[in-house]
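Enquirer: Got a structure here, written out as structure tokens. Questions coming.
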Amino acid sequence: MAGTRLDPIDRMILAELQSDGRMTNVELAKRVGISAPPCLRRVRTLEEQGYIKGYHADVDARELGFEVQVFAMVGLASQAEADLSAFEEKCRGWPLVRECHMLNGEVDFILKCVAPDLSSFQSFLTGQLLTTPNVESVKTSLVIRGAKDDPGVPFDVLEARLSTAP
């Protein structure tokens with residue numbers, strides 16, 4: 001099971017940093033119950049091993065003038081690996097697309113998009129997304145409001161699974 005290669009202290013470090021990535025190493029060490037030097041070594045190791053992908057500020061899109069958030073469900077004409085990869089690469093180049101996930105089922109991809117206003121999103125939709133080679137269909141849903149936006153993973157669930165594992 002994933003996560004079992006980490007000891008409890010590593011998991012506590014990850015949970016604390018996921019909650020507050022700005023805390024000092026001294027504060028982190030205090031929270032997980034070890035001294036600062038080994039804590040810093042553990043954090044560096046977790047970064048090198050890819051458990052920590054980066055540190056980011058959680059910015060408020062609306063406060064920055066991005067009033068529109070849209071989920072776009074995209075169907076492709078071909079699901080050949082080269083075509084899937086080409087679409088993913090195209091998405092990486094679109095600033096309004098903040099997330100791109102390939103799905104199983106009726107839709108091939110779901111895109112999370114932000115825009116300053118509906119007109120800007122419409123321009124992106126009609127001028128870029130819909131004209132992209134291999135895009136067969138796009139259905140959009142405008143976000144009215146968000147009810148939950150938790151980053152990362154639920155460490156309490158991971159700990160519960162590990163405590164009951166054979």
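The values are calculated or read from the model by the stated rules, or taken from the named source; none is laboratory data. Everything quoted here is computed from the prediction, not taken from an experiment. Note: ideal-geometry Cβ built from the backbone for every residue, glycine included; neighbour counts use all protein chains shown. For the accessible areas, the whole protein counts, side chains as well, though only heavy atoms, and no ligand, DNA or RNA atoms are used. Shrake-Rupley method; radii C 1.70, N 1.55, O 1.52, S 1.80 Å.
Enquirer: Report the full-extension gain for the segment GLU81 to ASP7: residue separation times 0.36 nm, less the Cα-Cα distance, to one decimal in nm.
Expert: Details: separation 74, 0.36 × 74 = 26.64 nm, distance 3.71 nm.
So the extension gain works out to 22.9 nm.
Enquirer: Enumerate the calculated ³J(HN,Hα) couplings along the stretch 99-107 in order (Karplus 6.51 cos²θ - 1.76 cosθ + 1.60, θ = phi - 60°), each rounded to whole Hz, writing x wherever the residue is Gly or Pro.
Expert: Calculated HN-Hα couplings, in order: 9, 9, 10, 7, 10, 9, x, 5, 10 Hz.
Enquirer: GluC sites (Glu not before Pro) within the stretch 1-106: which are DSSP loop residues with at most 16 other Cβ atoms inside 10 Å? Present the calculation step by step, with values, prior to reporting the outcome.
Expert: Numbers: sites: GLU16, GLU27, GLU47, GLU48, GLU63, GLU67, GLU81, GLU88, GLU89, GLU99, GLU106; in loops: GLU63, GLU67, GLU106.
Qualifying residues, ordered by number: GLU63, GLU67, GLU106.
Enquirer: OK, next. Mind pulling the per residue volume of the convex hull built on the Cα atoms of the chain? Å³ is fine.
Expert: 166
Enquirer: Separate question: For SER19 paired with THR132, estimate the spin-label separation in nm (one decimal), with each label point 7 Å from Cα along the Cα-to-Cβ line.
Expert: Inter-label distance under the simple model: 3.8 nm.
Enquirer: Could you give the length gained by full extension between VAL26 and GLU88, i.e. 0.36 nm per residue of separation minus their alpha carbon distance, to one decimal place?
Expert: 18.3 nm
Enquirer: So for the chain, if I pair up every lysine 8 or more residues apart or on another chain, how many of those pairs have alpha-carbons under 30 Å apart?
Expert: For the chain, the number of qualifying lysine pairs is 11.
Enquirer: What is the distance, in nm, between label points placed 7 Å from the Cα along the Cα-to-Cβ direction at ILE34 and at GLU47?
Expert: For ILE34 paired with GLU47, the spin-label model returns 1.6 nm.
Enquirer: Before I look further, what does the chain give for accessible area per residue, probe 1.4 Å, in whole square angstrom?
Expert: Normalised by residue count, the accessible surface of the chain is 68 Å².
Enquirer: Using θ = phi - 60° and the Karplus relation 6.51 cos²θ - 1.76 cosθ + 1.60, list the HN-Hα couplings for the stretch 113-119 in order, rounded to whole Hz, with x at every Gly or Pro.
Expert: Karplus-based 3J(HN,Hα) across the stretch 113-119 equals 10, 10, 8, x, 7, 5, 4 Hz.
Enquirer: Exactly which chymotrypsin sites (Phe, Trp or Tyr not before Pro) in the stretch 41-128 are in a DSSP loop and have at most 16 other Cβ atoms within 10 Å? Show your work: numbers first, answer last.
Expert: Details: sites: TYR51, TYR55, PHE66, PHE71, PHE87, PHE109, PHE121, PHE124; in loops: TYR51, TYR55, PHE66.
Answer by residue number: TYR55.
Enquirer: When the accessible area of the stretch 35-129 is computed with all protein chains present and a 1.4 Å probe, what percentage of it is carbon and sulfur? Spell out each step's value before the answer.
Expert: Working: 3120 of 6040 Å².
Accessible surface attributable to carbon and sulfur in the stretch 35-129 totals 52 percent.
Enquirer: I've got another one for you. Can you pull the one-decimal nm distance between simple spin-label points at LEU142 and ARG62, each 7 Å off the Cα toward Cβ?
Expert: Computed distance between label sites LEU142 and ARG62 equals 1.5 nm.
Enquirer: Specify the inter-centroid distance of the stretch 129-151 and the stretch 9-39, based on alpha-carbon positions, in whole Å.
Expert: If we compute the Cα centre of each part, the gap is 36 Å.
Enquirer: To the nearest 500 deg cm²/dmol, what mean residue ellipticity at 222 nm is calculated for the chain from DSSP H runs of n ≥ 4 alone, each contributing -39,500 (n - 2.57), summed and divided by the residues?
Expert: Rounded to the nearest 500, the figure is -11000 deg cm²/dmol.
Enquirer: Where does the longest stretch of the chain lie that holds no trypsin sites (Lys or Arg not before Pro) found in a DSSP loop with 15 or fewer other Cβ atoms within 10 Å?
Expert: Excluding the exposed sites themselves, the longest stretch runs over 63-144.
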